[in-house]
Amino acid sequence: MNSQQVLYEAELSRAGRILSRAGWVVLVFWVGGGAVLCFRFDSFPGNLLPLAIFVIGAAGFARQIARVMKLRRNPGSYTISIDDYGFYVHSDDPASAPSFSVIASDLYRLVRKTIKYYDAGDEQEYYIETKSGKRHQVEKLFTDYDLEAMKMFKKITDRFPWVEIDEEVQR
């Protein structure tokens, strides 16, 4: 008997609405805070470096907002599921990581890669690795947003006991 289990599902338009609203709020606070810090406490020549930092940060936030705004117009979904035959990721968003499938006998390990930054917090990326060494990334947008990837990895290892979970750290 083959019973498919959906591990994660997100409606892209709903996720896009939530993330774009949150992004706009963060951008407004970032720009407002940057303007106050740059112009309230220092004069023009002395505030160039902080101003540049805030402009670069605002551009980064704006780029992410533009990315999630595209999701608002997409009626599709991002789905991760498993069954006795394998692991499946389906995405209706052409801008995200492509859809993929890995047959059960080719699953090798699940990887959480932690990227350590000196000045900011850590960033995590999650991969499904095959026995041939090919890695497929689980969409970063959803692992940052609301996907509890380690709980999902645990469900995969419960279903396929030969698959291991591996932690990698990159500095």
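The values are calculated or read from the model by the stated rules, or taken from the named source; none is laboratory data. This one's a predicted model, so the numbers in the text were calculated from it and none came from an experiment. A quick note on method: Cβ atoms are made from the backbone with ideal geometry, for glycine too, and the neighbour counts reach across all protein chains shown. Accessible surface areas use protein heavy atoms only, side chains included; no ligands, DNA or RNA. Shrake-Rupley method; radii C 1.70, N 1.55, O 1.52, S 1.80 Å.
Straight-line reach from Lys151: taking Cα to Cα under 25 Å and skipping same-chain neighbours fewer than 8 places apart, the lysines in range are Lys113, Lys116, Lys131, Lys134, Lys140. Once both labels are positioned 7 Å from their Cα atoms along Cα-to-Cβ, the gap between Ile18 and Val31 label points is 2.5 nm. With respect to the chain, whose longest principal axis is taken over its alpha-carbon atoms, helix 48-72 is tilted by about 40°.
Need the full-extension length gain, Tyr85 to Ser105, defined as separation in residues times 0.36 nm minus the C-alpha distance. One decimal, nm.
Details: separation 20, 0.36 × 20 = 7.20 nm, distance 0.80 nm.
Between Tyr85 and Ser105, full extension yields an extra 6.4 nm.
Here the gap between Gln4 and Phe41, fully extended at 0.36 nm per residue and compared with their Cα-Cα distance, gives a gain of 7.4 nm.
Global dimensions of the chain from alpha-carbon coordinates: Rg and Dmax equal 19.9, 72 Å.
Taking all protein chains into account, the per residue accessible area for the chain stands at 60 Å² (1.4 Å probe).
A 1.4 Å probe, protein heavy atoms only, puts the accessible area of Leu147 near 20 Å².
Among Gly86, Gly32, Gly76, the residue with the largest mean-square fluctuation in a Gaussian network model of the chain, with springs joining Cα atoms closer than 10 Å, is Gly32.
What longest region of the chain stays clear of chymotrypsin sites (Phe, Trp or Tyr not before Pro) that DSSP places outside H, G, I, E and B and that have at most 11 other Cβ atoms within 10 Å? Show your work: numbers first, answer last.
Numbers: sites that count: Phe41, Tyr117, Tyr118, Trp162.
Result for the longest clean stretch: 42-116.
Once you sort the root eigenvalues of the Cα gyration tensor of region 120-161 as a ≥ b ≥ c, which label holds: rounded (a/c under 1.5), prolate (a/b larger than b/c) or oblate (the other case)? It is oblate, given that a/c is not under 1.5 and a/b is not larger than b/c. Only protein atoms count toward the accessible area here, which uses a 1.4 Å probe; on the chain, the carbon and sulfur part of that area reaches 58 percent.
Pairs of alpha-carbon atoms within less than 8 angstrom and 6+ residues apart define the contacts here; what relative contact order does region 105-155 have, in percent?
On the way: 61 pairs, mean separation 14.8, N = 51.
Relative CO of region 105-155 lands at 29 percent.
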